[in-house]
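First comes the structure, then the notes that go with it.
No lab work stands behind these numbers, since they all come straight from the coordinates. Quantities reported herein were computed from a predicted structural model and do not represent experimental measurements. Cβ sites come from the backbone with ideal geometry, for glycine too, and all protein chains shown count toward neighbours.
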Amino acid sequence: MSPLTLAFAGAGLTGFALGAYFSATGKLEMGVILMGLGLVFQVISLVRLKRAKMQGKQ
């Protein structure tokens, strides 16, 4: 697994966690934005994992 994929996954988890924290503490708009970005980073990392898996089969 490449370091960039791990970075995307870590950024996704961190962004989602920070978004949940901000949403719970009253900064709803910032929380929703961070949660959305966290989910985007998670999707990017999952796509990279799927591509790496497909290249490994060839």
Checklist outcome for this item: Between the Cα axis of helix 3-25 and the main Cα principal axis of the chain, the angle (0 to 90°, nearest 10) is 20
Checklist entry - So what is the calculated 222 nm ellipticity per residue for the chain, using -39500 (n - 2.57) for each DSSP H run with n of 4 or more, over all residues, to the nearest 500 deg cm²/dmol? => result -32500 deg cm²/dmol
Checklist entry - Taking the Cα atoms only, what angle lies between the long axis of helix 28-57 and the longest principal axis of the chain, rounded to 10 degrees? => result 10
Next on the checklist: If I build a Gaussian network model for the chain, linking alpha-carbon pairs within less than 10 angstrom, which residue out of Leu18, Leu28, Leu37 has the largest mean-square fluctuation?
Outcome noted: Leu28
Checklist outcome for this item: FRET efficiency for Ile33 and Leu13 from the Cβ-Cβ distance with R0 = 22 Å, rounded to 0.05, comes out at 0.85
Checklist outcome for this item: So the FRET efficiency between Thr25 and Leu49, C-beta based with R0 = 30 Å and rounded to 0.05, is 0.40
Checklist outcome for this item: For P(r) over Cα pairs in 10 Å bins from 0, in percent the list reads [x] 21, 40, 27, 10, 2; [y] 20, 41, 32, 8; [z] 28, 38, 22, 10, 2; the calculated value is entry [z]
Item to check | Sum of side-chain charges, Thr5 neighbourhood, beta-carbon under 10 Å (Lys, Arg +1; Asp, Glu -1) | outcome: +2
